[in-house]
Each structure stands twice: as structure tokens, then as C-alpha cells.
Amino acid sequence: MIAIDLGSNTIRLIEFDGCQWGKSFEKIVKTAESLHQSGQIGASAVQRIIDAIDEAKGVIDFSSGEIVAYTTAAMRLATNSQEVLETIYEKSGVRFNVIDAQTEGRLTLNAVLYRLKMLGNSFDPFVLCDIGGGSTELIRYAQGEIETLSIDQGIVTLSESAYDKDGVFVKIDEFKASIARQMGESSYGSLVMTAGTPTTIVAYLLGMDYLTYDPTKINGYRLSLNDCICVYDQLLSMDESERTRFVGVGRENLIIAGILMVIAVYEVMGVEEAIVVDDGLREGIALEYYKMK
């Protein structure tokens, strides 16, 4: 089967046969571009998604198995999501289903638990943080009990709603307040992070750029708060072209807000390090598919 996760910034695909992971593909499509201002998914974003699927067909054989495609925050928020998804289906043949935050969190958690088990790591309790393009999911896991919290702020929507550098810091303060309010004052346990920002930080620390990214070297990395701050300072000092080499086209400015959001999570939870996992929703979709068969 082929699992597809269309997020607010990136589309990610992977093959899975129930035992082995196959070929994978991902592309920045900026689904949520201008969503904050217009409330809709724009025509340019729709075309980028269709083009990315066409490109993925050159990497993955779409006739090799069933396709399960989910999409998340941007489509949940957009007033024209039904029209957009029909257009994508007509042009690409891929039918996306919009899932709610609770389903997104559960599937992402399953993928992370699977990876942690493969790595021989066991954390209980822990909070899984998934900072996406349009929202941030916080999943509290304790002795098999799951609580999913969703904040309607992601790296794309936060960046677009902050019109200057000072505005970014104001939005970060609001983001921190939202986390603290939703998480409450109970014990948090360990912090586990997934999604593009923490994995990009780790890749940079390991000397990888966007083209040489290797997820096998990311999984299980212990990322310190100090390293996050250092990478923020270094990327901020670069011009956009140099920064693009490390983070990918379309993320050269978003990554700055993303790292500030990561740092904010550390600060609210009062932790000095987090475990980073590359696996996320697309892997969770694949695992769920075989569990239900």
C-alpha cells in the first residue's frame, strides 16, 4: 500500500507491505499559504499539490497497491476544502480524506511508539509534540492512556500572521500561553518531537542538508535545548539562499519561526532535551492499514 499525508506545508508518501518500508517521497507544497488571510486554499497551492503527486508517481508505482491518503489542519480550516479535494482527485486520481486532530494525533503517536520500540527506547509518561504547518498537536501518553490537544498555530499560519520580527515574538508568546493553558500543571514526563522543524535541526547538527537528509540518522537523536538555540542563531545569520540549502525551498523563512516554536515547547515543559523521531502521520496511516486488515 501507499500512505499519503498531505499537511499544511508538506506532502509525504511512503510504501509499506506490512513488514518492510519501501520507497518514500516528500515535497514542500505550502498548502496553507495565505490561508490565514483568505480562509481558503489558493489555486497555486492546489497546483503545487497536483504537481507533487505527479512527481511522486515517477518515484513510487501508484499501481502497486491501495492508496490511503489523509489530509489535516489546512483542509480542516479552509472554507473551500471540498472543492479543492475534488480538483486534486480529478487531476491526480488521489482521493484525500480530511481527518480530525484526534485521529491525526493517534496515528502519529502509533508511528512514534513503533519507532521507539524499534530503537529499544521506552518512555512513560511522555508528551509527543508535532508542530505542523497549520496546527500543533500535543499528545500526552501515560501507561497506555492518550490525551490529544490541538493548537491552531503551525509554522505557516504563525509566520503569515506575524508581519515583522516583533510580531513573530508576540505570536510565540501567544503560542507558549496556549500550550501552558492546554497542558495544565500536571507532570509532563519526557518530550518526544516529530515533524519537519526538529528533524531539520538534527540534520543540520549532523552535517546534512536538504538533499542529503537521512531519516535513519535522525531517529532517536537526543536534541538539547542549547543546540536548538545555537542552530537558530546560525540559520538566522545566513542569507536566504544559504539557508535554503539546509532546510529546503519554501522553508527558508518558516524554519526560523519553527525553531522558536520548538524552543517554546521546551520552555513550557521545563525540559533540557527531547527525543526526535522522523516517523509521523504517513507511517501511522500505513501501520493502521495493516492493523485493520
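Legend: ranking of residues Tyr70, Tyr290, Tyr114 from fewest to most surrounding C-beta atoms inside 10 Å; resulting order Tyr290, Tyr114, Tyr70. Estimated at 0.36 nm per residue, the fully extended path between Asn253 and Val59 surpasses their Cα-Cα distance by 67.0 nm. Label reach from Thr79 (point 7 Å along Cα→C-beta): in the stretch 31-46, amide nitrogens under 14 Å belong to 35-42.
Exposure proxy ranking for Leu281, Leu107, Leu6, based on other Cβ atoms within 10 angstrom of each Cβ and starting from the fewest, stands as Leu107, Leu6, Leu281.
Taking the fewest neighbouring Cβ atoms within 10 Å as the starting point, the ordered list for Arg106, Arg282, Arg115 is Arg106, Arg115, Arg282.
Under 25 Å Cα to Cα from Lys217, which lysines show up? Leave out anything in the same chain fewer than 8 places away. Filter leaves Lys23, Lys27, Lys117.
Projecting label points 7 angstrom from Cα along Cα→Cβ for Asp227 and Gln102 puts them 3.6 nm apart.
Coordinate-derived values only; no laboratory data. What you see is a predicted model; the values in this text were computed from it and never measured. Counting neighbours? That spans all protein chains shown, and the Cβs are built from the backbone with ideal geometry, glycine included.
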